[in-house]
Structures are given as C-alpha cells and as structure tokens.
Amino acid sequence: MRVKLSLILISALILILLLSPLVLPSKAPVRDEPASAPAWTWALFSQVQAMTPSAVSELEEIGPIPQYRLWLDVSFTADGPRLSGHGRLDYINNEGVALNELYLRLYPNGGLTYGSGSLSLDRVMINGKPVKPLLELGETAVRLELEEPLLPGETLVLEMDFSGEVPRDFSGPASYGIYDYTGGMLKLANWFPILAAYDEDGWHLDPFYSWGDAVYSETALFEVRITAPAEQMVVATGTELEAVPQEGGRVTHHYVSGPVRDFFVAMSPELERLTSQVGETVINSYYLKGDEAGGRKALEMAMAALELFNLRFGPYPFAELDLLETPLPWAGGVEYPGIVLISDKLYGPPEYLARKEPFFAMILSHEVAHQWWYSLVGNDVIREPWLDEALATYSSGIYAQEVSGEAAYQELLSGWWYNYHRARAQVEAPITAPLEQFHNNSIYYGIVYCGGALFYHELRAILGDEVFFAGLQEYLQRFKYGVATTGELLALFEEVSGRELDELYNRWLFAPVNMVSAEA
Ligand SMILES: [Zn+2]
C-alpha cells in the first residue's frame, strides 16, 4: 500500500504543479497571512491519501475550502477521559457576501444526545490577534466578531485552544452515546469547535433536540493528530498516514480526511480489526474482543453494500471506510463521514447473528448509505432531515432487494407501512417537516424514515429503475461535497424524468396528513 500511495502522491504532486495557477485561489486576496494561500496547495499533498486514486482529481475540482488542522491529546484519569486540543482553521469566505463575524458550534455543551459532557473554547486568535469568544445559545455557539469584514474570496487564519470533558456510561437522559466513555470505549463526536453552516439564510444556529441529528456543517479538509496511550486502538474519519511513538507510552496518530463535513474519533484497548477491500476502498471492521463472527458479518455486509451503492449511486471517493462495533444506549447505528457505528447488541455468537441478520443488514446498509446521503450530499439535518434519512432508509431497501432478495424487501416495506401508520396517527407533520415537529424518536422514525422510504418506493415505481437510478446518480454528481435542498431534489427528478410530479410530491411530502389510500 505504501508504494501505491507514494505513486499517487507523486502523480498528484506533478498534477498540482501543472495546475497550480488553478489551485492557487487567484480570486482570493491574501490578507495578514501570507502562508494561507499556499497552505491550501500544500494541504492537497497529504489529503490525496484519503481519496481513492480515481477520485484524487475531485480534491482540485472542489477548489479552496476551509481547512482544519487539529491536535487532540487524550488522557485517562480516575475521573474519566480528559481532552485537550489545539486547532488552526484556514477559513476562506466562499459565501459570496462580506462576513462581519464567524460562528463556531460547541455541540457537547447542549446536553441531550451528547449526554452530560462539555467542550470549552479556551483561547481564540484570528490572524494572530486575540478575539473574545461570545457564547450564545446555551454555550453551544460562539460568535467571533471580525475586526473588518471578510470579503468574498478572502481568507483568515483562526487558531484556538479547547478542552473537553466526556461523560461516562451514557450519562444524561437522552444520550446517544456519541460523546461518551462506556465499556472502555471513548467516542468523540464533535470534540472540537466546528464552523456553523452558512447559506442564504445566514449562519445556522439552530437548537438541537433529543431526537435526530444535531450537526449541519459544510465540507472542509481535516488534518488531525491524535495523541493517546499506546494501548488504545484509535479509529477515526479518514486515513491514518502514520503512528508516531511519543514519550510516556503514548502514540500520535496522524490522519487526513479528504473533503468531509465532520471528523469523528473513537478509541478503545478492547478492539480488534478485520480488513478487506472493495474496488479502491479499504473496509476495516472493528469489533470488540470475542465478537469476531459479528465483525466478519459486518465486513461482508459492508462489502456488499459498498459494491452495490458504488454501482447504483456513483463511486465512494474515499480510500477507507470503517465499521465500529460499539456500545450504544438504544440506537442500532450512527453515521459519520468515513465511519459507521453499529450497536454491540447486534453482535454475538453465530446462531444469534443468524437470527439478527435481517435487522443487522438493515442497520448496516442504512448507515453505509449515509456515506452518500449526508456525507457526500449534505443537507440541513435540522430543517430538512428527511433528505438524508428517507434516502438512507430507502437505500437499505435497495440493499435488501438486491443482496437478500425480494422477500427481504417486502418484509422491510411492510415494516415501513406499519411504523408510518402508527406515527401518522400521532402527528400531522408532513415528511418534509423540520426536526422540531416530531416530538420524539419513534414518531420521527415513523414519519421521516419510513414514510420517506415509502415515497421513494412509489417514485421508483412511477419512473422505472433506469430513470430513478439516473436521478440518484445525478443528485450525487450535482451536490457532491455540497448541500442539497428539498426543492432541488424534487426539481431534479422532474428534470431527469421529463415528468410533472406535483401530485406525487404533494400527496406524500407536503400534505399535513398523507392519504393512506396510497397503500392500495
Ligand atoms: Zn439515518
């Protein structure tokens, strides 16, 4: 692998040198920080290793985007894990308007799905000058006022120190176990201050809830160095470039992510790993000691899912995809860029695995599908959560049908109807409603995941397979590394099919109460 990567690196280097007038952001006047424009170019040299060889050129096509360099130090004390970190964010204003302020989010301070942990921003400098962080929204957002407006195309360098405390044993009433230390496994969702998303509505500072996902963020490049005790097996978004031993029995793991919208980290001394490859992507299945049969099952399913989704949706562009068996208080799985968390409740001896297989396959294929719908094609998960969830759920149906057979698909379909009707009896919110209208996880699941998947079932029946999958491929191509909206998705299917689909859209997606007669 090392030889292959060096070749990729050298060819990328040559390519970048040849294309350097394109790569250097010529529109972007560099202010106060002469190193920031070359920083983008240099970032590509290492970021190349997070991509499959076929997708290396996408790094350049995407153009300059924000770039995080993060250092995380993890230690384990009698009181639990302690995090301290430092970061440098090379920010480029790609928003088309002058910005007077930046917003970062500190998600672990919001409680709810993050449990009872915290994240504090201890020091911020912008272009070398200290800036006072102004905490808002229950300390889940930080406003940073800029000395002078940052014009479109201009860059700035933000440096920050931060620290975090991670709760133990799913503490907090609505913990997802994603920022948590349980059973010797440390999981760190949103362990660093992350840029809030910005779009035509301005900075997105939505609250989050005890159901659904919290993080709406834009694509960036991450280069991350994680220092932890040597006995910890570290699992993270992206590709590990090297592991460098340090004094005191510690190791620094060095990662690059490619263009992604978040960077997840987990570690445990209790993990083992099985590895395989599909096309140009290495799949690692991390499982808890003793669960090798489940680790192997997860690996086989992920291989089938990756192969199928590469074909149906378009190629997964990253060199690595990780599966992680982990304690989760009640969810079957959770998705992050390049990583799929799977509940340890699905793992067990072979006879248990055989019994659980349909559910295991449903969870795993749903979470793997999120690598396309959420990670590659982003959406506002607070205001339009159906965009990624309905499509990931329907994708698990595509997996069931093509990998497990028509009977497995029919089984899922009747489950979707059951859950949809049950939730529909409790809430009038349409499938496309924002997160806040769903009250709890089971209603949210029934309407958005199951109702949304039923919409896709009917859309596919109307359009036929060829047009339906051409539509999904176009959706990926058009919005890859970007953000899609409901309006854009629906217009795209009308455009690709050449058909007017208003009746279907209104009946399924916008009517406060959908017509149950659609079942017939
Ligand atoms: Zn999902």
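The values are calculated or read from the model by the stated rules, or taken from the named source; none is laboratory data. Source: prediction; values computed, not measured. A quick note on method: Cβ atoms are made from the backbone with ideal geometry, for glycine too, and the neighbour counts reach across all protein chains shown. In case anyone asks, the SASA skips ligands and DNA or RNA and just uses the protein heavy atoms, side chains included. Shrake-Rupley method; radii C 1.70, N 1.55, O 1.52, S 1.80 Å.
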Magnitude of the charge dipole, region 386-519, Cβ model with Lys/Arg +1 and Asp/Glu -1, debye to 20: 300
Environment charge at THR219 (Cβ cut-off 12 Å; Lys +1, Arg +1, Asp -1, Glu -1): -1
Lysine pair number, Cα distance threshold 30 Å (strictly under), the chain, separation 8 or more or different chains: 18
Three-way shape label, region 38-196, alpha-carbon gyration tensor, a/c 1.5: oblate
Three-way shape call for region 242-312 based on the alpha-carbon gyration tensor, with the a/c threshold at 1.5: oblate
Positive minus negative residues near PRO66 (Lys, Arg vs Asp, Glu; Cβ under 10 Å): -2
Dipole of the chain [Lys/Arg +1, Asp/Glu -1 at C-beta], most positive-end residue of VAL334, PHE76, LEU492: PHE76
Peptides 454-467, 186-199 ordered by average Cβ neighbours within 10 Å, highest first: 186-199, 454-467
Local net charge near SER116, Cβ-Cβ under 11 Å (Lys/Arg +1, Asp/Glu -1): -2
Accessible area, probe 1.4 Å, largest first, for residues PHE76, PHE469: PHE76, PHE469
Relative contact order of the chain, defined on C-alpha pairs under 8 angstrom at six or more residues apart (%): 12
Area of HIS370 that stays accessible when all protein chains are in place (1.4 Å probe, Å², to 10): 0
Antiparallel DSSP beta bridges within the chain, as percent of all bridges there, nearest 5: 80
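With a 1.4 Å probe and all protein chains kept in place, how do ARG143, ARG296 rank by accessible area, largest first?
Working: ARG143 55, ARG296 105 Å².
My answer, sorted largest first, is ARG296, ARG143.
Can you give the charge dipole size of region 264-389 about its Cα centre, rounded to the nearest 20 debye, using +1 on the beta carbon of Lys and Arg and -1 on the beta carbon of Asp and Glu? Could the numbers behind the result be given before it?
Details: 9 positive and 19 negative charges, 41 e Å.
Magnitude of the dipole: close to 200 debye.
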Computed label-point distance, nm, for sites SER210 and LEU146 using a 7 Å Cα→Cβ extension: 3.9
Extreme residue, positive dipole direction of region 387-494, given options GLN401, TRP416, LEU476 (C-beta unit charges): TRP416
Region 386-519, relative contact order [Cα under 8 Å, separation at least 6], %: 30
Residue-level accessible surface for TRP373, protein heavy atoms, 1.4 Å, Å²: 0
Solvent-accessible area, 1.4 Å probe, carbon plus sulfur percent, for the chain: 55
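How would the chain be classified by its alpha-carbon gyration tensor: rounded, prolate or oblate, with rounded meaning a/c under 1.5 and the a/b versus b/c comparison settling the rest?
It is rounded, given that a/c, with a ≥ b ≥ c, falls under 1.5.
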Mean-position separation - Cα centroids, region 414-463 and region 138-160, in angstrom: 39
Taking region 270-352 and dividing mean pair separation by its residue count, relative contact order in percent (alpha carbons under 8 Å, at least six apart): 29
Accessible area, probe 1.4 Å, largest first, for residues ARG507, ARG82, ARG273: ARG273, ARG82, ARG507
Student exercise, region 100-202 dipole from Lys, Arg, Asp, Glu Cβ charges, in Debye to nearest 20: 440
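Within region 198-300, report the GluC sites (Glu not before Pro) that DSSP leaves as loop and that have at most 13 other Cβ atoms within 10 Å.
Working: sites: GLU200, GLU218, GLU223, GLU231, GLU240, GLU242, GLU247, GLU270, GLU272, GLU280, GLU292, GLU300; in loops: GLU200, GLU218, GLU231, GLU247, GLU270, GLU280.
Filter output for region 198-300: GLU200, GLU231, GLU247.
Using only Cα atoms, what is the ratio of the radius of gyration of region 361-520 to 2.2 N^0.38 Å?
Its radius of gyration relative to the 2.2 N^0.38 Å reference: 0.96.
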Which of THR275, PRO317, PRO130, positive extreme of dipole for the chain (C-beta unit charges): THR275
